[in-house]
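Here the structure comes first, spelled out in structure tokens, and everything after it is commentary.
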Amino acid sequence: MPGALGVGIGFGLQSIVNNFVSGLILLAERPVKVGDWIILAAGEGIVKRINVRSTEIDTFDRATIIVPNSDLISEPVINRTHSDMMSKAIIDIAVQINADPDVVRDVLLDCAESHAGVSREPPPMVQLAGFGESSLKFQLHFFVDDALTATPTASDLRFAIIKAFRVKGIDLPYGWRDLLVNLQAGTGRSPRKK
């Protein structure tokens, strides 16, 4: 019995030592630092505190994720702000199939270039990303100087795009389908089997 207890304590200490060493690595190499915006399997948010055994991350919905430091060393981590705060954002836009794609591109670029939160370098870019059943699908790519402003900037741009589309007469696609019903000519009734 004492041997089993010793093995259990040994495994528990191994985890504590692993997290402690990982904490030292985080503090020395600094792949993640306080204030970074990181994305993990457990979620995403801003690093609030790096402790000896774990790291606290504040999520954007005001929750806290406590991650063992060994996970930050052994698991993939996306650090959106590691080298600088600049971040890329993409807005997906669909318009009716009969819209002039050149006009749509010009409207999207004008909206992005006139927004104070959109970085001038690299400049915004528009791609015709695909074709829907009754739509043209575009993507507006742009950068912001502060990653934390990407979401509100994208929202502002969506409002501006809707207003600009209305001015230019560009319609968004409808979510319904036309249903074609064939009736027998002249009778107003459905054809019958003979």
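Take the Cα radius of gyration of region 41-186 and divide it by 2.2 N^0.38 Å, with N its residue count; two decimals is plenty. Don't jump to the answer; show the numbers that get you there.
Details: Rg = 21.5 Å, N = 146, 2.2 N^0.38 = 14.6 Å.
Here the answer is 1.47, to two decimals.
Tell me, Kirkwood radius of region 117-162 from alpha-carbon pair distances, in Å?
About 11.8 Å, per the Kirkwood formula over Cα pairs.
Write down the Kirkwood hydrodynamic radius of region 37-114, to one decimal in angstroms, obtained as one divided by the mean of 1/r over all alpha carbon pairs.
About 15.6 Å for region 37-114.
In the structure shown, do any of 137/168; 33/88; 33/137 have a Cα-Cα gap over 29 Å, and if so which? Before the final figure, lay out each step's value.
On the way: 137/168 17 Å; 33/88 21 Å; 33/137 38 Å.
Check vs 29 Å cut-off fails for 33/137.
A short reminder: the numbers here are calculations on the coordinates, not readings from a lab. Not measured: the values here are computed from a predicted model.
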